[in-house]
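The values are calculated or read from the model by the stated rules, or taken from the named source; none is laboratory data. This structure is a prediction, so every number in the text was calculated from the model and none was measured. Backbone-built Cβ (ideal geometry, glycine too); neighbour counts: all protein chains shown.
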Amino acid sequence: MPIAHKYTLMCDDVRQENTGKFIVIGLYTGNMTVPQLPAVLPFLTFFMFVEADRAGQFPIRMRLESMESGQRLIEGMGMMAVQRPGTGASPIRVGPVQFQTQGTYNFVVQIEGQPEPIVTSFEVALPPAQPIQFRQGQR
């Protein structure tokens, strides 16, 4: 198998310095909390880490879908570049993305020639309701 998925980070953006180091901006941990729905994100980046047995350009198909409704928010295709055998990183940037509802979403990447897709699941949620607090002397 030429490519094995290790893990994926979900963030707002990834930038690469001249030195080759990556800067991860707006890392989501677990759930994505949005202030209101619908919510529009100009970009969403899935920073995929893979183990490859060879260098090359690998065609991919990707989609972002709601698990509850089956609606596809984004679909596309592109190339995953692997510079050399071993562990590599590939940011996949999509956008704009509009979430209509809370719930579970999947980002699915199918690499050409690979039997199984890479699936990254996450939750979109509103922040918990804050209890109303009254101060003495207020009604």
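Any residue at all in the range 94-115 that's in a strand (DSSP E or B), among the charged types (D, E, K, R) and in contact with a strand residue (DSSP E or B) (Cβ under 9 Å, 6 or more places away or on another chain)?
no
Scan the range 1-17 for residues that are hydrophobic (A, V, I, L, M, F, W, C) and either more than 18 Å from the chain's Cα centre (by Cα) or in a loop (DSSP other than H, G, I, E, B) (or both) and report the count.
2
I'd like to verify a number: residues in the range 40-76 that are of a type in the set (D, E, K, R), over 15 Å from the mean Cα position of the chain (by Cα) and closer than 22 Å to residue 101 by Cβ, how many? Give the steps one after another, and end with the answer.
So in the range 40-76, the residues of a type in the set (D, E, K, R) come out as 51, 53-54, 61, 63, 65, 68, 72, 75.
This time we only want the ones that are over 15 Å from the mean Cα position of the chain (by Cα), so: 51, 53-54, 68.
Those still in the list that are closer than 22 Å to residue 101 by Cβ too: 68.
Count: 1.
From (1) within 23 Å of residue 24 (Cα to Cα); (2) modelled with pLDDT of 95 or more, pick out the condition that doesn't hold for residue 79.
(2)
For every residue, the table says whether it meets (1) of a type in the set (A, V, I, L, M); (2) under 15 Å from the mean Cα position of the chain (by Cα).
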| position | (1), (2) |
| --- | --- |
| 28 | no, yes |
| 33 | no, yes |
| 38 | no, no |
| 78 | no, no |
| 97 | yes, yes |
| 127 | no, no |
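Go through the range 99-112 residue by residue and tally those that are farther than 18 Å from residue 49 by Cα and either more than 15 Å from the chain's Cα centre (by Cα) or among the small types (Gly, Ala, Ser) (or both). Show your work before the answer.
Quick first cut of the range 99-112, residues farther than 18 Å from residue 49 by Cα only: 99-105.
Of the ones still in play, those that are also either more than 15 Å from the chain's Cα centre (by Cα) or among the small types (Gly, Ala, Ser) (or both) are 100-103.
Residues that pass the stated criteria total 4.
Tell me, which residue of the range 1-55 that is in contact with a Cys (Cβ under 7 Å, 6 or more places away or on another chain) and of a type in the set (Phe, Trp, Tyr) is nearest to residue 118 (Cα to Cα)?
47
Can you confirm whether residue 129 is surrounded by 12 or more Cβ atoms within 10 Å (Cβ to Cβ) and either touching a helix residue (DSSP H, G or I) at 6+ places or on another chain (Cβ under 6 Å) or among the small types (Gly, Ala, Ser) (or both)?
no
With respect to residue 20, is the statement that it is exposed (fewer than 12 other Cβ atoms within 10 Å of the Cβ) and either without any contact (Cβ under 8 Å) to a residue 40 or more places away in the chain or under 16 Å from the mean Cα position of the chain (by Cα) (or both) true?
Values: exposed (fewer than 12 other Cβ atoms within 10 Å of the Cβ): yes; either without any contact (Cβ under 8 Å) to a residue 40 or more places away in the chain or under 16 Å from the mean Cα position of the chain (by Cα) (or both): yes.
Answer is yes for this residue.
In this structure, is residue 86 under 14 Å from the mean Cα position of the chain (by Cα) and at pLDDT below 95? Spell out the reasoning first.
Numbers: under 14 Å from the mean Cα position of the chain (by Cα): no; at pLDDT below 95: yes.
Spelling it out, it is not the case that residue 86 is under 14 Å from the mean Cα position of the chain (by Cα) and at pLDDT below 95.
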